[in-house]
Amino acid sequence: MSLTASAMRGTSAARTDAFLAHAPAAWAQAYRLTGSSADADDVMQDAWLRWQRAEVGAEAGRPREPRAFLLSVATRLALDRLRSRRRARTGYPGPWLPEPLVSDIVAPEAGLIETTETLSLALLRLMERVPPSERAALLLVEVAEMEADEAADALGITPVALRQRLSRARRRLAAARAELPAAADPLLDRSPGSGSADPEAARALAEAVLQAVASGDEVMLRRLFAPEIVLESDGGGKAAAALNPIRGIDKVVRFLISITRKHPAQGVRLALVNGAPGFIQDFPDGSMSVSALVPDGQGRVGAILTMRNPDKLGAVRRLLDGRG
């Protein structure tokens, strides 16, 4: 999330501080709904303008219940963006994956927006199978932990309608979950080890996978991967990518070794991708890919999610350019 100092100039310190205190949660809500950090940034710019115009509480110097206010605004603005882009999502070539959030695998940002497990690519990818209105309800209640009445008010519906949406959303999410059978999901699987990876363990896993793929070590890859591993790649019709998910350890191992031999990367950087171990690859033709190794909760890789669509990698390029 980025709001410039000039954009905040002229607003009281109390109102600015109150906004900044709850903005990360609102940004994360917008990102979970849209799957785009650029959209989430735009949502927060609009949310700031609405915050400035909102009714001010006499004592607090800010809108009443600021967290609920900002979550409500962010949710509605994000839903508006999803509706306006519905046509672009229709007929999308191959799997659709969210825009990745990349951080240093050795020293990740403290509290990357919010808990990384609720920003995981696995969760966002599953959420794409849930209609936006139901998704918004589920995220407000299960992730933002809003009370039911508060969440219903945020969505402009009755508590009864909210319960119906939640019920449908949970059923859809459970059905979609079968598509990534080995990937832990914090909304459905709260078992130990289902959260974000420890940085040292994440680095070791990413290094081991890269080394095994580069050397063509099928035996090692079979030790690192879950039997039901799924590989999905999002090229968006603008970069080479598999148009269908690749399922099962045999097919995934063969695919990775084959594609690496045919199209070796000229540069690889380890990274945390939405809190999961992963890596960034640069190719001779100028293209880039960002891959997340989604843990299965048992120390293995349950899914590999790779973003190659250049439209979704602008923020990653800017981040790397900034680091020199």
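Values computed for the structure shown
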item: Total residues in the range 14-40, condition modelled with pLDDT of 90 or more and crowded, with 17+ Cβ neighbours inside 10 Å; result: 18
item: Listing of helices (runs of 4 or more DSSP H) fully contained in the range 114-182 that carry 2 or more residues being open to solvent by 10 Å² or more (accessible area, probe 1.4 Å); result: 132-138, 148-155, 159-177
item: Flag if Thr11 is of a type in the set (S, T, N, Q), part of a loop (DSSP other than H, G, I, E, B), more than 12 Å from Val73 (Cβ to Cβ) and modelled with pLDDT under 90; result: yes
item: Filter result for the condition that a residue is open to solvent by 40 Å² or more (accessible area, probe 1.4 Å), among the small types (Gly, Ala, Ser) and closer than 21 Å to Ala202 by Cβ, over Gly267, Gly299; result: Gly299
item: Residue match in the range 302-318 (condition: more than 24 Å from Arg89 (Cβ to Cβ) and among the acidic types (Asp, Glu)); result: no
item: Where a residue in the range 89-107 is more than 14 Å from Lys238 (Cα to Cα) and its partner, wherever it lies, is part of a loop (DSSP other than H, G, I, E, B) and modelled with pLDDT under 80, with Cβ under 8 Å and at least six apart; result: Leu101/Leu112; Leu101/Ile113; Ser103/Glu109; Ser103/Leu112
item: Where Ile257 falls short, out of the listed (1) assigned to a helix (DSSP H, G or I); (2) touching a strand residue (DSSP E or B) at 6+ places or on another chain (Cβ under 9 Å); (3) aliphatic (A, V, I, L, M); result: (2)
item: Criterion (modelled with pLDDT of 80 or more and within 29 Å of Asp198 (Cβ to Cβ)) met by exactly one of Leu79, Leu140, Leu119, Leu112; result: Leu119
item: Residue list for the range 280-312, restricted to those being within 16 Å of Ile249 (Cα to Cα), in a loop (DSSP other than H, G, I, E, B), in contact with a strand residue (DSSP E or B) (Cβ under 7 Å, 6 or more places away or on another chain) and not acidic (Asp, Glu); result: Arg300
item: Any hit, the range 89-106, residues being buried (at least 16 other Cβ atoms within 10 Å of the Cβ), at pLDDT below 90 and among the aliphatic types (A, V, I, L, M); result: yes
item: Pair list, Cβ < 7 Å and 6+ apart or interchain, from the range 30-42 residues that are closer than 14 Å to Gly314 by Cα to residues that are basic (Lys, Arg); result: Asp39/Arg81
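The values are calculated or read from the model by the stated rules, or taken from the named source; none is laboratory data. Note that the structure is predicted; figures quoted are calculated from it, not measured. Neighbour counts run over all protein chains shown; Cβ positions are idealised from the backbone, glycine included. Side chains included, ligands, DNA and RNA excluded: accessible areas come from the protein's heavy atoms. Shrake-Rupley method; radii C 1.70, N 1.55, O 1.52, S 1.80 Å.
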